[in-house]
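I have placed the structure first, in the form of C-alpha coordinates, so that the comments after it can refer back to it.
The values are calculated or read from the model by the stated rules, or taken from the named source; none is laboratory data. Fair warning: this is a prediction, and the values are worked out from it, not measured in the lab. Cβ sites come from the backbone with ideal geometry, for glycine too, and all protein chains shown count toward neighbours.
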Amino acid sequence: MVEKIEHIGIAVESIDEMVPYYRDALGLEYGGEEVVEEQKVRVAFFGIGESSIELLEATSEDSSIAKFLAKRGPGIHHIAVRVDDIERALTQHEENGAQLIDKTPRIGAHNMRIAFVHPRSTGGVLVELCQSPG
(Lines give C-alpha, C1' and ligand atoms only; values in the text may rest on other atoms or scores of the structure.)
Protein backbone atom coordinates (compact mmCIF):
# COMPACT_ATOMS: atom_id res chain seq x y z
CA MET A 1 0.00 0.00 0.00
CA VAL A 2 2.71 2.54 0.96
CA GLU A 3 5.03 3.10 -1.98
CA LYS A 4 7.57 5.55 -0.56
CA ILE A 5 8.13 8.69 1.45
CA GLU A 6 6.72 11.27 -0.94
CA HIS A 7 8.01 14.36 0.83
CA ILE A 8 8.78 16.06 4.10
CA GLY A 9 6.84 19.29 4.61
CA ILE A 10 8.68 22.10 6.42
CA ALA A 11 6.80 25.18 7.63
CA VAL A 12 8.75 28.39 7.02
CA GLU A 13 8.07 32.08 7.53
CA SER A 14 9.44 32.97 4.08
CA ILE A 15 10.12 30.70 1.13
CA ASP A 16 12.12 33.46 -0.53
CA GLU A 17 14.52 33.55 2.42
CA MET A 18 14.90 29.75 2.61
CA VAL A 19 15.27 28.80 -1.07
CA PRO A 20 18.97 29.77 -1.17
CA TYR A 21 19.79 27.42 1.72
CA TYR A 22 18.05 24.36 0.27
CA ARG A 23 19.13 25.07 -3.33
CA ASP A 24 22.64 26.49 -2.85
CA ALA A 25 23.96 25.28 0.51
CA LEU A 26 22.38 21.80 0.42
CA GLY A 27 22.56 21.59 -3.37
CA LEU A 28 19.04 20.21 -3.79
CA GLU A 29 17.31 20.44 -7.14
CA TYR A 30 14.85 23.34 -7.04
CA GLY A 31 11.59 22.26 -8.65
CA GLY A 32 9.69 25.54 -8.60
CA GLU A 33 6.73 26.75 -6.60
CA GLU A 34 2.98 26.43 -6.49
CA VAL A 35 0.20 28.15 -4.59
CA VAL A 36 -2.48 25.79 -3.31
CA GLU A 37 -5.44 28.12 -2.79
CA GLU A 38 -7.59 25.55 -0.97
CA GLN A 39 -4.82 25.00 1.62
CA LYS A 40 -3.87 28.71 1.77
CA VAL A 41 -0.24 27.80 1.25
CA ARG A 42 2.64 28.56 -1.09
CA VAL A 43 4.89 25.55 -1.66
CA ALA A 44 8.47 25.32 -2.95
CA PHE A 45 9.74 21.92 -4.10
CA PHE A 46 13.23 20.42 -3.81
CA GLY A 47 14.12 17.00 -5.17
CA ILE A 48 16.18 14.63 -3.06
CA GLY A 49 16.49 11.11 -4.45
CA GLU A 50 13.06 9.64 -5.11
CA SER A 51 11.47 12.00 -2.59
CA SER A 52 11.32 15.72 -2.02
CA ILE A 53 11.30 18.45 0.56
CA GLU A 54 8.47 20.95 0.45
CA LEU A 55 8.78 24.36 2.05
CA LEU A 56 5.37 25.60 3.17
CA GLU A 57 4.57 29.29 3.58
CA ALA A 58 1.16 30.54 4.71
CA THR A 59 -0.73 32.77 2.30
CA SER A 60 -3.36 33.66 4.90
CA GLU A 61 -3.30 34.24 8.65
CA ASP A 62 -6.04 31.63 9.11
CA SER A 63 -4.22 28.82 7.28
CA SER A 64 -3.05 25.69 9.07
CA ILE A 65 0.57 26.65 8.33
CA ALA A 66 0.11 30.10 9.91
CA LYS A 67 -1.40 28.46 13.00
CA PHE A 68 1.45 25.93 13.12
CA LEU A 69 4.08 28.68 12.88
CA ALA A 70 2.36 30.74 15.59
CA LYS A 71 2.23 27.77 17.94
CA ARG A 72 5.52 25.96 17.19
CA GLY A 73 7.63 28.17 14.95
CA PRO A 74 9.38 27.01 11.78
CA GLY A 75 10.17 23.32 11.41
CA ILE A 76 8.96 19.96 10.19
CA HIS A 77 5.22 20.14 9.67
CA HIS A 78 4.46 16.69 8.25
CA ILE A 79 5.75 13.56 6.59
CA ALA A 80 3.92 12.46 3.45
CA VAL A 81 3.77 8.87 2.25
CA ARG A 82 2.61 7.93 -1.21
CA VAL A 83 -0.06 5.25 -1.32
CA ASP A 84 -1.44 3.36 -4.30
CA ASP A 85 -5.09 3.69 -3.20
CA ILE A 86 -5.91 6.56 -0.85
CA GLU A 87 -9.49 5.48 -0.14
CA ARG A 88 -8.28 2.02 0.89
CA ALA A 89 -5.53 3.61 3.01
CA LEU A 90 -8.06 5.83 4.80
CA THR A 91 -10.34 2.85 5.45
CA GLN A 92 -7.43 0.82 6.81
CA HIS A 93 -6.33 3.66 9.08
CA GLU A 94 -9.85 4.12 10.42
CA GLU A 95 -10.32 0.37 10.95
CA ASN A 96 -7.10 0.38 12.95
CA GLY A 97 -8.35 3.16 15.21
CA ALA A 98 -6.44 6.10 13.74
CA GLN A 99 -7.97 9.54 14.07
CA LEU A 100 -8.35 11.03 10.61
CA ILE A 101 -8.28 14.75 9.92
CA ASP A 102 -9.65 14.05 6.44
CA LYS A 103 -12.13 11.23 5.93
CA THR A 104 -12.17 11.90 2.20
CA PRO A 105 -9.26 12.97 0.00
CA ARG A 106 -8.79 16.54 -1.15
CA ILE A 107 -6.50 18.07 -3.77
CA GLY A 108 -3.03 19.23 -2.78
CA ALA A 109 0.10 20.40 -4.58
CA HIS A 110 0.86 18.78 -7.95
CA ASN A 111 -2.84 17.82 -8.12
CA MET A 112 -2.16 14.94 -5.72
CA ARG A 113 -5.06 13.47 -3.78
CA ILE A 114 -4.21 13.95 -0.11
CA ALA A 115 -5.58 13.25 3.36
CA PHE A 116 -4.09 13.79 6.82
CA VAL A 117 -3.90 11.49 9.83
CA HIS A 118 -3.94 13.23 13.22
CA PRO A 119 -0.66 13.28 15.17
CA ARG A 120 -2.43 11.74 18.19
CA SER A 121 -2.58 8.49 16.22
CA THR A 122 0.96 8.56 14.85
CA GLY A 123 3.23 9.25 17.79
CA GLY A 124 3.08 13.02 17.43
CA VAL A 125 3.78 13.29 13.69
CA LEU A 126 1.27 14.72 11.23
CA VAL A 127 1.12 12.13 8.44
CA GLU A 128 -0.12 12.98 4.98
CA LEU A 129 -1.32 10.20 2.73
CA CYS A 130 -1.04 11.09 -0.93
CA GLN A 131 -1.86 9.46 -4.23
CA SER A 132 -0.63 10.62 -7.61
CA PRO A 133 -3.31 11.91 -9.97
CA GLY A 134 -4.33 9.45 -12.64
Practice task
Report, by residue number, each residue of the range 6-33 that is within 14 Å of the chain's Cα centre (by Cα) and within 18 Å of Glu61 (Cα to Cα).
Solution key: Ile10, Ala11, Val12
Exercise for the section: Determine whether the range 103-122 contains at least one residue that is touching a Phe, Trp or Tyr at 6+ places or on another chain (Cβ under 8 Å), of a type in the set (A, V, I, L, M, F, W, C), closer than 20 Å to Met1 by Cβ and surrounded by 13 or more Cβ atoms within 10 Å (Cβ to Cβ). Expected result: no
Practice task
State which residue pairs qualify: first residue farther than 14 Å from Cys130 by Cβ and assigned to a loop (DSSP other than H, G, I, E, B) and inside the range 85-106, second residue modelled with pLDDT of 95 or more and aliphatic (A, V, I, L, M) in any location, beta carbons under 7 Å apart, and separation of 6 or more residues or different chains.
Solution key: Ala98/Val117; Lys103/Leu90
Practice task
Residue by residue through the range 7-26, note down the ones that are surrounded by 13 or more Cβ atoms within 10 Å (Cβ to Cβ) and of a type in the set (A, V, I, L, M, F, W, C).
Solution key: Ile8, Ile10, Ala11, Val12, Ile15, Met18, Val19
